[in-house]
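Visitor: One structure follows; several queries about it will come next.
The values are calculated or read from the model by the stated rules, or taken from the named source; none is laboratory data. Everything numeric in this text was worked out from a predicted model, so none of it was measured. Cβ placement follows ideal geometry from the backbone for every residue including glycine, while neighbour counts extend to all protein chains displayed.
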Amino acid sequence: MGPVPFAEVAKFMLVNPFARKLFAEADEVLGYSLFERFKTAEGDYSEAAQVAFLVNCLALAQWVEHEFDERPAFCTGLSFGEKAAAVHSGALSFADGVRFTARFAHTLDAYFAEEHPEEVATQSFARTPRARLDEVRAELTEQGEWHDVTCVVDEDFAMLTLRKSRLEWLQQRLRALGGMPLYVMEPPLHSPAFGGLRRRVEDEVLAGLTLRDPHLPVVADQDGAVLTTGEEVRNLLLDGCVRPVDWPGVLGSLRDKGVGTLYVAGQDALFGRVGAATRNFKVVPVNPRLAMRPRRRTATAA
């Protein structure tokens, strides 16, 4: 999940039949109009933004299966996408997926406000091979600064979480080494330091929700493991708080299982575009623009 301006997805949410149906169901669960709340929401990771992301990903996944008559062999979801994978796989009902996502957004904000008042954030950056990143991390360690790699996107593309006050230093240091700092994510996720968040999610967010065995195997975004039970998917959602995302590991797992095509359902500006994906797979970006594009139908002879 990255920044998704309302204007980029509004028409899809209103017109696409799969999106309309799911948004109506989400409204019943939430007790308010998700479309209207998302329209006026502030921040990239507000409750409305997170739930709208979930619903749009699921609508696009349903649309591509119907439109292209495709049946996936596996599904995976990265970071916030874990929730969409849990629902699309059948491990979590749609209604519980909406409940989980809305609760998670509140718990995430409360946790960082209460337990990390010093403010932490995640810097993403490209063009930084592992050896260069290790140099930067060694300097931070020498300075006594806590930091964690919380996502590996490609061999030279990663995300580092640290105190927000050190972001400017990090950006300057990365540029000096030839790297390219990109988006700053707040609040962060995927660090062992956030064990308190994992406990809150287990006690407050998952409470009363049922996880079933998925009908579609889920590939864990943390290590590429194939998950086939509800308990495994439950642990995936919890461990997303404290374990880093390993996209090359996921891709390696899929490749080893004979997968050749990735349908990326959602507004993706990152994971489907990096070399680790495009070099090894046919990548089909299933976004609102594709879903709204008129498609030619082949005429059949009588």
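Visitor: So which helices (runs of 4 or more DSSP H) stay within the range 4-55 end to end and still have 2 or more residues that are of a type in the set (A, V, I, L, M, F, W, C), surrounded by fewer than 21 Cβ atoms within 10 Å (Cβ to Cβ) and at pLDDT 95 or above?
Guide: It comes to 17-30.
Visitor: Among the listed residues V87, V153, V201, V98, which satisfies the condition of being in contact with a Phe, Trp or Tyr (Cβ under 6 Å, 6 or more places away or on another chain) and in the same structural domain as V219 (by TED's automatic domain parsing)?
Guide: Numbers: V153 fails: in the same structural domain as V219 (by TED's automatic domain parsing); V201 fails: in contact with a Phe, Trp or Tyr (Cβ under 6 Å, 6 or more places away or on another chain); V98 fails: in contact with a Phe, Trp or Tyr (Cβ under 6 Å, 6 or more places away or on another chain).
It is V87.
Visitor: With the structure loaded, tell me whether P188 is modelled with pLDDT under 95 and more than 23 Å from A277 (Cα to Cα) or whether it fails that test.
Guide: yes
Visitor: Quick check on this structure: which one of V205, V226, V233 is touching a Leu at 6+ places or on another chain (Cβ under 8 Å), of a type in the set (A, V, I, L, M, F, W, C) and either surrounded by 15 or more Cβ atoms within 10 Å (Cβ to Cβ) or touching a residue at least 40 places away in the same chain (Cβ under 8 Å) (or both)? If you could, list the steps in order and put the result at the bottom.
Guide: Details: V205 fails: touching a Leu at 6+ places or on another chain (Cβ under 8 Å); V226 fails: touching a Leu at 6+ places or on another chain (Cβ under 8 Å).
Matching residue, one of V205, V226, V233: V233.
Visitor: Check off (1) surrounded by 17 or more Cβ atoms within 10 Å (Cβ to Cβ); (2) under 21 Å from the mean Cα position of the chain (by Cα) for P192 and give me the number that stays unchecked.
Guide: (1)
Visitor: Is there a residue being of a type in the set (F, W, Y) and over 24 Å from the mean Cα position of the chain (by Cα) anywhere in the range 162-174?
Guide: At the first step, the residues of the range 162-174 found to be of a type in the set (F, W, Y) are 169.
Then keep just the ones that are over 24 Å from the mean Cα position of the chain (by Cα); that gives 169.
Checked the range 162-174: at least one residue is of a type in the set (F, W, Y) and over 24 Å from the mean Cα position of the chain (by Cα).
Visitor: What number of residues within the range 108-124 are surrounded by 17 or more Cβ atoms within 10 Å (Cβ to Cβ) and either closer than 18 Å to M1 by Cα or charged (D, E, K, R) (or both)?
Guide: The number of residues fulfilling the criteria is 5.
Conditions (1) at negative phi; (2) aliphatic (A, V, I, L, M); (3) in contact with a Gly (Cβ under 6 Å, 6 or more places away or on another chain), marked per residue:
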site	(1), (2), (3)
V15	yes, yes, no
R37	yes, no, no
G43	no, no, no
S46	yes, no, no
A52	yes, yes, no
E114	yes, no, no
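Visitor: Can you report the number of residues in the range 56-95 which are assigned to a helix (DSSP H, G or I) and without any contact (Cβ under 8 Å) to a residue 12 or more places away in the chain?
Guide: As a first pass, look at the range 56-95 and keep what is assigned to a helix (DSSP H, G or I): 56-67, 81-88, 94-95.
Going one step further and asking which of them are without any contact (Cβ under 8 Å) to a residue 12 or more places away in the chain, we end up with 65.
Here the count works out to 1.
Visitor: How many residues are within 19 Å of A269 (Cβ to Cβ) and either surrounded by fewer than 17 Cβ atoms within 10 Å (Cβ to Cβ) or of a type in the set (S, T, Y) (or both) if we restrict to the range 125-154?
Guide: Just the residues of the range 125-154 that are within 19 Å of A269 (Cβ to Cβ), to begin with: 125-128, 150-154.
Imposing the further condition that a residue be either surrounded by fewer than 17 Cβ atoms within 10 Å (Cβ to Cβ) or of a type in the set (S, T, Y) (or both) reduces the set to 126-128, 150.
Counting residues in the range 125-154 that are within 19 Å of A269 (Cβ to Cβ) and either surrounded by fewer than 17 Cβ atoms within 10 Å (Cβ to Cβ) or of a type in the set (S, T, Y) (or both) gives 4.
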